[in-house]
Structures are given as structure tokens and as C-alpha cells.
Amino acid sequence: MTSLHKNNQVNQLDAVVIGAGFSGLYMLYRLREAGLTTRVYEAADDVGGVWYWNRYPGAKCDSESIYYNYTFSEELYKEWTWSSRYPAQPEILEYLNFVADKFELRRDIQFNTRIQSAEYDEESNRWFIHTKDGETVTAKYFITGVGCISTANVPNFKGLDSFKGEWYHTGHWPHEKVDFRGKRVGIIGTGSSGVQAIPEIAKEAGHLTVFQRTPQYSVPAKNHLYSKEYIEEAKANFHENKKKVRASLGGLPITPPDKSALDDTPEEREKVFEEAWEKGGPYLLFSYSDLLANEEANETVSSFIRSKIHEIVEDPEIARKLTPTYYYGTKRAILDTNYFETYNRSNVSLIDVKQAPIEEITENGIRTTDSEYELDMIVFATGYDGMTGSLFNMDIRGRDGISLKEKWENGASVQTYLGISTNGFPNMFMITGPESPSVLGNMPVAIEQHVEWIADCIDYLRNHEKETIEAKVEEEVAWSNHCRELADSTLYTKVESWYTGANIPGKAGGFQIYVGGYGPYREKCEKVAAKEYKGFLMQS
Ligand code: NAP
């Protein structure tokens with residue numbers, strides 16, 4: 001610790017929050033309400049988090065909008081009106097701007113500021129937080145709201161620097177409109193981002209070449225404008241809906257029937273799946289209780305979607321290439337608008353880069369092991385270094401200078417208590433951290449639960465004159481083991497995905513998400529709080 005720090009000549013705050021997305025905005029609101037001097041640091045020049053950066057064509061959320069928002073304020077809920085079931089990114093960003101304006105949040109947010117490092121000083125029991133520009137502030141509480149999927153993964157292809165055309169990653173899309181007209185565009189990646197972008201780019205591009213490594217299941221979103229009556233009903237049922245989503249498994253008011261897919265005859269199942277397909281959205285995955293637990297049950301829904309792909313795609317060879325084989329739902333279940341239909345267009349081609357991997361980016365395009373494709377533009381829809389990527393982008397050091405990255409061995413052995421706290425890092429809280437259920441559902445619901453729990457915890461500490469709080473080692477070991485055991489009882493861990501870290505070369509550690517569902521997780525967190533933060537170490 002430098003003498004400057006010791007002399008306390010730096011700005012002293014009660015709390016510092018990193019990120020001004022859904023998490024950071026609400027955390028700021030709650031801490032300010034509680035009377036804490038708080039500053040949010042945000043790398044972008046405005047609020048929005050992922051919705052600030054993900055401006056790619058077709059970007060939409062995959063949870064129905066009337067549930068994809070805050071529910072902490074009935075007034076806010078009733079003042080805002082969503083246009084459609086799955087609104088596009090500009091509308092979600094507009095919503096977050098509306099929230100920031102309504103609660104005058106911007107005055108405590110420092111934009112254009114990236115946090116480089118944060119270290120805990122045991123003498124003062126404070127966090128010293130350093131920006132990339134050299135500013136230092138101290139805070140009693142250090143809270144990360146950095147998102148689970150916000151550190152873009154641009155694969156380290158040989159030759160990218162030599163490419164003469166334009167290239168973009170979906171998660172860092174420019175503010176200006178990207179002009180695809182007449183261009184030969186290549187897109188790498190067919191996850192949620194690629195599946196949304198492909199139909200939109202294809203409408204404009206001269207030719208679109210899709211470089212697909214793993215074929216994906218996708219279900220029609222069946223997006224539509226909301227009627228006035230539907231919105232009125234949602235607003236009238238605010239309290240009931242809020243209660244339902246908060247108790248639900250995935251942050252949406254959907255409860256899977258307590259029935260195995262194998263209990264129905266093939267004809268009965270077909271009817272159930274067909275109805276869910278027609279409704280659009282996430283219903284297919286919730287058609288039966290065991291689709292994510294039992295291989296045979298999963299095969300029933302997986303083969304249903306495969307047959308839909310073959311019905312939609314006209315060319316049987318392209319349909320074959322698009323046919324996924326993994327267990328449906330073990331990668332994020334994707335919703336689309338005309339994704340498979342897009343392969344019927346004459347200006348779209350599909351390249352299987354599992355069969356012939358990309359060898360390099362050349363100055364003119366992409367070269368696979370068996371061909372070179374000339375391109376004017378490359379779109380990377382290649383995903384993110386999920387869960388730990390954004391935490392590790394900051395050099396976070398706890399007691400005795402121990403680094404979070406080293407403690408978790410670069411992600412190979414993440415250890416948290418409830419996904420919120422980790423031993424050795426007192427008064428640090430992670431909103432939707434690894435080993436929380438967050439990314440397996442409707443994020444704002446997960447975020448609100450964490451923010452409220454953290455705010456209540458800080459309230460408790462202040463009222464009980466506790467200086468610090470951190471997870472006990474034995475509790476985090478137990479929580480991490482519990483998370484792994486639960487995950488291993490499902491099909492999630494049997495498939496490689498960004499959930500397991502397999503998308504990032506060299507990243508080990510496996511599946512670091514709590515699969516028990518939002519509602520049960522909320523109950524666990526509430527019990528811990530009710531027992532005076534059982535499992536946490538507190539110092540007076
Ligand atoms: P993703 O699901 O990780 O998909 C990345 C894609 O890039 C995959 O098809 C992957 O192939 C491919 N890829 C990666 N590296 C490659 C390489 N070296 N060569 C060839 N292909 C490569 O990423 P994402 O689509 O950005 O989605 C990430 C998550 O963000 C989603 O799961 C979801 O949670 C969230 N998201 C949500 C929405 C929404 O709400 N609608 C929209 C966008 C994103 P492999 O499958 O073979 O690895």
C-alpha cells in the first residue's frame with residue numbers, strides 16, 4: 001500500500017460498484033436509498049451493460065419483455081410499456097436509460113472508466129480501487145456487476161491483422177449502422193448471437209457465408225406486437241406476476257408439468273411439442289420435467305426439433321449439415337426469427353468448419369483446410385469468456401495480496417459461497433457471480449435477487465456494527481461441491497459449451513452454475529440471511 005493510500009488522500013466512498021447494466025443500476029439505487037455514498041464505474045459512455053454493446057442486427061432478448069425488467073418498483077413497471085414480446089436491443093437500451101433518468105442514477109456513475117485493479121487493505125478494512133486512467137478511490141464495499149457474458153471471445157485466428165476488409169464482434173458492435181449492402185459477408189458462430197444476426201444480415205448482404213462449427217437447435221420466437229389489453233393485464237397483475245417469477249425455476253412464470261417425457265406415448269408427446277412449438281419461446285424445454293435430466297427423454301424433444309429443421313430447410317444436404325446432435329437445452333436454448341428459413345435463400349451458404357476447420361484469416365477472407373472464401377467483411381459471433389472472464393479482466397486482490405484469478409487458478413477451481421462471496425475477499429460481493437443460477441434463466445430476476453440480498457446484508461452489517469463479512473472456507477467448499485453434484489445429475493455437464501468454459505482454449509473448471517433454479521436458490525439465500533448470515537465470517 002503506498003503512502004498516498006495510507007494518508008487517505010484518495011476519494012473515500014462507502015461502496016464502489018463496477019458496471020452500469022441491469023445489475024449496477026439497481027445496486028446503485030438500493031445503496032443510495034440506504035444512505036451509502038456510492039459510485040458506479042462504467043467502461044462505456046452510457047448505461048446499458050450488454051445492451052449498450054450488443055447492437056448487432058437482430059439483437060433481442062430471449063425472455064418475454066413483460067418479465068424482462070425490474071420489478072422492485074411498481075411505479076416504474078407501470079410507467080414503462082413494452083412494444084412487443086421480444087423487443088429489439090434499442091428498446092431494451094431505451095428502457096435502461098428510462099430507469100437511469102427516472103431515478104437520476106447518472107450523477108453517481110463515472111462513465112468511460114475501466115477498472116484495472118482492486119485490492120483489499122487489511123489495516124483500514126477498505127478496498128482500494130484503481131481505474132485504467134490512474135485514479136484511485138477507496139470503498140468499504142466492493143461490488144462487481146460486470147455481467148456473466150460480457151468479455152468477448154475473438155478466437156486467435158492466424159492472420160486476422162492482415163484482413164483488408166471490416167470485421168466486428170457482435171458484442172462490440174459499432175454505434176453507426178454497418179452497411180452490408182452488396183458485400184460478401186462471412187459470419188463465424190451460430191450461438192444465440194449468430195442465430196439472431198444471420199437472418200438480418202442475409203436480407204442485406206450481397207452474399208452471406210455462415211461458418212458453422214456446431215449445428216444448433218433453435219425454436220421460433222414467434223415475436224409479435226403486444227395488444228393494449230395484454231399490457232394492461234400485465235400491469236394489473238404486477239404483484240401476482242412478480243411473485244410468480246421470483247418463485248419460479250428460471251425467472252419466467254412457467255412451471256414444467258411433473259411428468260416425464262417417457263410417460264407419454266409418441267403421439268401424445270408430438271402433440272405437446274407441437275403446441276409448444278406453435279406458442280414459440282421457451283415452452284418446448286419446459287414441456288416435461290426430465291428433458292434436461294434424462295438422455296432418453298431429451299432425445300424425444302431433440303429429435304422433434306431435428307425433424308422441424310428438415311421440414312423447413314429445402315435442400316436436404318444443407319438440412320443435414322444444420323442438424324444438431326447434442327442434448328437440446330444443454331447449451332442456451334435459442335429463439336429465432338426465420339433462422340432455418342434463411343438457408344433457403346440463394347445468397348446464403350453454409351460451411352461446416354468442424355469438418356474443415358478455419359486455418360487462417362487471409363487478407364482477402366477466410367481459409368479453411370479445404371478452401372478459401374473471399375470476403376469483404378467478417379462478423380465474429382464467437383461468444384464470450386463466460387462467468388469468470390470479466391472478473392479476471394480486473395486484477396482483484398484480497399487479504400494478503402491473494403489474487404482472485406490465482407485463488408481460482410484461472411477459473412479451474414472457482415470457489416464461492418452462493419456465487420456471491422469468496423473467502424479471502426472481505427466485503428466484496430459478486431452480482432450473478434459464478435456458482436449462482438443467473439445465466440440459466442431470465443437475468444433481471446436473478447439480478448434483483450442478488451442486489452436485494454447484498455443490500456440487506458450491508459444493512460445488517462451496518463446495524464450490527466460489523467466491519468467485514470466474507471464466506472467461510474468450509475461453506476464455500478460445500479457450496480461449490482453442491483453446485484458440481486447438482487450439475488452432474490443433469491445433462492448440462494455432458495456437453496461442451498460456454499457454460500462449461502470449453503469455448504475458451506485452455507479454460508478448465510467445468511460447469512460453474514447452480515442448476516437448482518432461481519426459486520429454490522432464493523430460499524437458500526433467504527435462510528442464510530435469516531440465520532444471521534450463517535456460513536459467513538464477520539468481524540466487529
Ligand atoms: P456462443 O453461444 O458461445 O456461440 C459462439 C459460436 O461461435 C458457437 O457457434 C461456436 O461454435 C462458435 N465458435 C467459437 N469459436 C469458434 C472458432 N474458433 N471457430 C469456429 N466457430 C467458433 O456465443 P453467443 O451466441 O454470443 O451467445 C452467448 C450467450 O449470450 C448465449 O448463450 C446467451 O446466454 C447470451 N445471448 C443471449 C441472447 C438473447 O437473449 N437472445 C442473444 C445473444 C447472446 P461451437 O458451438 O462449436 O463452440
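The values are calculated or read from the model by the stated rules, or taken from the named source; none is laboratory data. None of the values given here were measured: they were computed from a predicted structure. Note that each Cβ is placed from the backbone with ideal geometry, even for glycine, and that neighbours are counted across all protein chains shown. Note: areas computed on protein heavy atoms with side chains; ligands, DNA, RNA excluded. Shrake-Rupley method; radii C 1.70, N 1.55, O 1.52, S 1.80 Å.
Quick check: the angle from helix 518-530's long axis to the longest principal axis of the chain, C-alpha only, nearest 10 degrees? Roughly 10 degrees between the two axes. Each principal axis of the Cα atoms in segment 140-237 has its own extent, and those three values, largest first, are 57, 49, 30 angstrom. Computed from the alpha carbon positions, the gyration tensor of segment 413-540 leads to an equivalent ellipsoid with semi-axes of 27, 15, 12 Å, biggest first.
Given 37 °C and 0.692 mPa s, how large is the Stokes-Einstein diffusion coefficient of segment 1-100 in µm²/s, with Rh as the Kirkwood radius over Cα pairs?
Working: Rh = 15.4 Å.
Estimated via Stokes-Einstein, D reaches 214 µm²/s.
Normalised by 2.2 N^0.38 Å, with N the number of residues, the alpha-carbon radius of gyration of segment 232-309 equals 1.25.
Kindly state, to the nearest 0.05, the FRET efficiency for Trp167 paired with Glu122, given R0 = 41 Å and r defined as their beta-carbon distance. Efficiency, from the Cβ-Cβ distance: 0.35. Placing dummy labels 7 Å off each Cα toward the beta-carbon, the span from Ser346 to Asp101 is 4.7 nm.
Quick one: accessible area per residue over the chain, 1.4 Å probe, rounded to a whole number of Å²?
On the way: 22160 Å² over 540 residues.
In whole numbers, the chain has 41 Å² accessible per residue.
Inter-label distance, Glu295 to Glu485: 2.3 nm, where each label sits 7 Å from its Cα along the C-beta direction.
Counting heavy atoms of the protein chains alone, His310 has an accessible area of about 90 Å² for a 1.4 Å probe. Computed on segment 184-235, with alpha-carbon pairs under 8 angstrom and 6+ residues apart, the relative contact order is 40 percent.
Evaluated at 25 °C with a viscosity of 0.890 mPa s, what Stokes-Einstein diffusion coefficient in µm²/s does segment 477-516 have when Rh comes from the Kirkwood expression over alpha-carbon pairs? Display every interim value, and only then the final one.
Values: Rh = 10.3 Å.
Answer from the Stokes-Einstein relation: 238 µm²/s.
Compared with the alpha-carbon gap, the fully stretched path from Thr255 to Glu406 is longer by 50.4 nm at 0.36 nm per residue.
First compute the accessible area of the chain with a 1.4 Å probe, then give the percent of it belonging to carbon and sulfur atoms. Can you show the working numbers first?
Numbers: 10330 of 22160 Å².
After summing per-atom areas, the C and S share lands at 47 percent.
Given 25 °C and 0.890 mPa s, how large is the Stokes-Einstein diffusion coefficient of segment 490-540 in µm²/s, with Rh as the Kirkwood radius over Cα pairs? The calculation lands on 181 µm²/s.
In the chain, a dipole from Cβ-located charges (positive for Lys and Arg, negative for Asp and Glu) runs towards its positive end, and of Ala381, Ala502, Ile396 it is Ile396 whose Cα lies farthest in that direction.
Over the chain, what relative contact order in percent results from Cα pairs under 8 Å that are six or more residues apart? The partial results should precede the final answer.
Working: 1085 pairs, mean separation 103.3, N = 540.
Reported relative contact order: 19 percent.
Using only Cα atoms and rounding to the nearest 10 degrees, what angle (0 to 90) does helix 89-102 make with the longest principal axis of the chain? Its long axis makes an angle of about 20 degrees.
How large is the helix-only mean residue ellipticity at 222 nm for the chain, computed as the sum of -39500 (n - 2.57) over DSSP H runs with n ≥ 4, divided by its residue count, in deg cm²/dmol to the nearest 500? Spell out each step's value before the answer.
Numbers: 16 runs with 168 residues, N = 540.
That calculation yields -9500 deg cm²/dmol at 222 nm.
About its Cα centre, the chain has a charge dipole of approximately 520 debye under the convention of +1 per Lys or Arg Cβ and -1 per Asp or Glu Cβ, with nothing else charged. Straight-line reach from Lys331: taking Cα to Cα under 16 Å and skipping same-chain neighbours fewer than 8 places apart, the lysines in range are Lys494. Alpha-carbon geometry of segment 324-393: the Rg and the Dmax are 15.7, 44 Å, given in that order. The phi-based Karplus calculation (6.51 cos²θ - 1.76 cosθ + 1.60; θ = phi - 60°) puts the 3J(HN,Hα) values of segment 47-64 at 6, x, x, 4, 6, 6, 8, 8, 9, 5, x, x, 5, 9, 8, 10, 10, 4 Hz, whole numbers, x for Gly and Pro. Between Ser73 and Ala356, the C-beta separation translates, for a Förster distance of 41 Å, into a calculated FRET efficiency of about 0.20. Pair-distance distribution of segment 313-430: all C-alpha pairs, bin width 10 Å, starting at 0; shares per bin in whole percent are 10, 26, 23, 19, 17, 4, 0.
Converting phi to 3J(HN,Hα) with the Karplus coefficients 6.51, -1.76 and 1.60 and the offset θ = phi - 60°, segment 277-290 yields 4, 5, 5, x, x, x, 4, 4, 5, 9, 5, 9, 7, 10 Hz in sequence order, with x at every glycine or proline. Label-to-label distance, Phe238 versus Val473, with points set 7 angstrom from Cα along the beta-carbon direction: 4.9 nm.
Applying 1/(1 + (r/R0)^6) with R0 = 35 Å to the Cβ-Cβ distance of Lys177 and Lys279 gives a FRET efficiency near 0.55.
With N as its number of residues, the chain has a Cα radius of gyration that, divided by 2.2 N^0.38 Å, comes to 0.98. Relative to the longest principal axis of the Cα atoms of the chain, the long axis of helix 238-247 makes an angle of roughly 90 degrees.
Residue-wise HN-Hα couplings along segment 152-167, as the Karplus relation 6.51 cos²θ - 1.76 cosθ + 1.60 with θ = phi - 60° gives them from phi, are 4, 10, 9, x, 7, 6, 4, x, 4, 4, 7, 5, 7, x, 8, 9 Hz; Gly and Pro carry x.
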